[in-house]
1. Over the C-alpha atoms of the range 137-258, what are the Rg and the largest Cα-to-Cα span, Dmax, in Å?
2. Would you list, by chain and number, the lysines whose Cα falls below 28 Å from the Cα of K175, excluding same-chain residues fewer than 8 positions away?
3. Work through the residues other than S152 whose Cβ is under 9 Å from its Cβ and net out their charges, Lys, Arg +1 and Asp, Glu -1.
4. Below 13 angstrom from the Cβ of Y228, what's the summed charge of the other residues (Lys, Arg +1; Asp, Glu -1)?
5. As I understand it, the value is the acute angle between the Cα axis of helix 18-27 and the longest principal axis of the Cα atoms of the chain; what does it come to in degrees, rounded to 10?
6. So for the range 1-52, what are the equivalent ellipsoid semi-axes in whole Å, largest first, each being the square root of 5 times an eigenvalue of the Cα gyration tensor?
7. Could you tell me what fraction of 2.2 N^0.38 Å the Cα radius of gyration of the chain comes to, as a two-decimal ratio?
8. Show the residues, 5+ positions off or on another chain, whose built amide H is closer than 5 Å to the amide H of G13.
Amino acid sequence: MAAQTRGFCKYCGKEYTKAGMAKHLTACKERKSILAAAKGKDGCYELMVYGKYNSDYWLIVQIKDTATLKDLDKFIRDIWVECCGHLSAFDISGQLYESMPSADSFWGEPPKSMVCKLKNVLSVGMLLGYEYDYGSTTELSIKVLDHMDNVSQKDKVVILSRNNPPDIVCSVCGKNPAEWVDPTHIYDENAFWCEACMEAGARKDLEEDMAAHEGDEFVEFEFEIPEYFLPVCNSPRMGVCGYEGSNRYPDQFVPDKK
Ligand SMILES: [Zn+2]
Ligand SMILES: [Zn+2]
Ligand SMILES: [Zn+2]
């Protein structure tokens, strides 16, 4: 089994695995002194967000309890999933909260709106589900780790830690870092390509093509990345639909102190 991904603590820069970080954040001295020095009126939840089927991708965030599910949805879209404006939903104890709630449902309670404050729906210890895109779905789990009072927090959401980008190597040469993912192979072993192997593969195809059409006019070799290839990125939605990574957040989380 591959080693678990690790990430840096925002406050002290130390590196831990997902579970190690959750534990560390309750004890981090730098964090404690910063929280003690700037007491305020905000209540905040600490949430752990991770891929339901690939927990190598994880985030630990501190979010105001007056923020709404919509705010959390926006943050998740911005950092991890937004490709073409698909629908999304939270599942909180069986109740759905949708980005565009439909009036009727086939069974059970009709979905509610995401315009709903976290403090009215969350409690410590809860595990919620999140789905983005009901077609090629990205499923996340969200654990409510903690709640704190008397915090001073300017932004609605603050990232406390995030997994460093996993090391993904090219499936062809097994050597170079992968730069591209072939979405038609996302669920098998051959999904990842470095640029050198992709160009070599394209060259070979062209040479075979030319050998088959001997006597035809010479075609100048011009290498282009196939349009349907997607960039490797630090997200559980990598290689799905048209997902090309976040415009707002770099793949590598940079702590305040290194
Ligand atoms: Zn720390
Ligand atoms: Zn899409
Ligand atoms: Zn390669």
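1. 20.9, 79
2. Cross-link targets: K18, K204.
3. Spelling it out: positives minus negatives among the neighbours equals +2.
4. -4
5. It works out to around 30 degrees.
6. Working: eigenvalues 122, 40, 10 Å².
Semi-axes from the Cα gyration tensor: 25, 14, 7 Å.
7. Here the Cα radius of gyration is 1.22 times the empirical estimate.
8. Amide H to amide H, under 5 Å and 5 or more residues apart or across chains, G13 pairs with K257.
The values are calculated or read from the model by the stated rules, or taken from the named source; none is laboratory data. Since this is a predicted model, take the numbers as computed values, not measurements. Cβ coordinates were reconstructed from backbone atoms using ideal geometry, including for glycine residues, and neighbour counts include every protein chain displayed. For the accessible areas, the whole protein counts, side chains as well, though only heavy atoms, and no ligand, DNA or RNA atoms are used. Shrake-Rupley method; radii C 1.70, N 1.55, O 1.52, S 1.80 Å.
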